[in-house]
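Each reported figure results from applying straightforward, stated rules to the coordinates on display, with no laboratory input. Keep in mind the model is a prediction, meaning the values are calculated, not measured. Counting neighbours? That spans all protein chains shown, and the Cβs are built from the backbone with ideal geometry, glycine included.
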């Protein structure tokens, strides 16, 4: 027994707004590509995203000022940057001391904490740096002082490992969906996956250009998580289309897609909402070390939810006809 369009009452028809959805996604992808291209052309970045200490190697110093929040003197990143640029560090093992003019500076907790991203420093150079900053930032709480150093070789290995992990996960997803469904489904799932990852990277490319935000190994973990989430949501809708194919033989493929999206819409929205709630808690209470990780996941999951509902299903009738 087949069912026609008139036999069903659909609350939501995604096919009616598919062109607007394609336009919005296309503009978002274009802006992402432009942002990554601008990052690459920037001589201070020279990469699609501003690489963090995990990938480039260097020294990260987290400083906690010894003052109460209400009594800390005003402090901004520009003043710290100027003070660093004026410092002269001692040589180490006959090698010239690194210049600090391009150091990354973040002032956190209303000026109470300072995060520095610096070239690779020796312990005596780090001590000179802290002493040179003392006239500006005041006394430092030694119990809250954190100095982490990552060599350039380890940073390069982390970067290669992150890229390989992403490529392997994409390939495994494509193989599984091709085996479980069809080549068209696999192509659409990969297209949505690339859409979600590209827009997430684009957001961080613009953050790197405008606010100096860097990506680290946690960002790579966020991208792999976003890829898995995006494909999971897309597969749910594809599975519903396949299940109802025989019952809805009297409908066009576009109408079948509308039925599948309408039937899974509530489930998709509830799943996305329950996933975003703990991310909101991380954004508010997770601290500086997890903040941008949570931002990457939030952007990726929000974009992934949209692509699973508005991109992959609406492109299926178009590709199936061709």
Once the Cα atoms of helix 123-137 and of the chain are each reduced to a long axis, what angle between those two axes, in degrees from 0 to 90 to the nearest 10, is obtained? 90 degrees
Protection proxy (average C-beta count within 10 Å per residue), highest first, orders 295-301, 279-285 as 295-301, 279-285
Who wins for biggest fluctuation among 59, 274, 225 in a Gaussian network model of the chain, springs between alpha carbons below 10 Å? 274
Taking alpha-carbon centroids only, region 263-313 lies from region 22-50 a number of Å equal to 22 Å
Everything considered on the Cα gyration tensor (a ≥ b ≥ c; rounded for a/c under 1.5, else prolate if a/b is larger than b/c, else oblate), region 90-226 must be described as prolate
How are the C-alpha pair distances of the chain spread across 10 Å bins, as whole percents from the shortest bin up? 5, 22, 26, 19, 13, 9, 4, 1, 0
Any chance you could give the angle, 0 to 90 degrees and rounded to 10, that helix 288-306 forms with the longest Cα principal axis of the chain? 20 degrees
tail above 13 Å in the computed P(r) of region 35-101, as % of all Cα-Cα pairs, reads 78 percent
Shape of region 260-322, Cα gyration tensor, a/c cut at 1.5: oblate
In a Debye calculation with equal point scatterers on the alpha-carbon sites of region 58-150 and no solvent, what is log10 I(q)/I(0) at q = 0.18 Å⁻¹? -0.76
Let a ≥ b ≥ c be the square roots of the eigenvalues of the Cα gyration tensor of region 175-300; is it rounded (a/c under 1.5), or, if not, prolate (a/b larger than b/c) or oblate? prolate
Ignoring everything except DSSP H segments at least 4 long, calculate the 222 nm mean residue ellipticity for the chain; use -39,500 (n - 2.57) per segment, divide by total residues, nearest 500. -21500 deg cm²/dmol
If I build a Gaussian network model for the chain, linking alpha-carbon pairs within less than 10 angstrom, which residue out of 132, 104, 304 has the largest mean-square fluctuation? 132
Taking Cα centroids, how far is region 156-174 from region 214-258 in Å? 21 Å
Using the alpha-carbon atoms, what tilt in degrees (0 to 90, nearest 10) does helix 253-285 show relative to the longest principal axis of the chain? 20 degrees
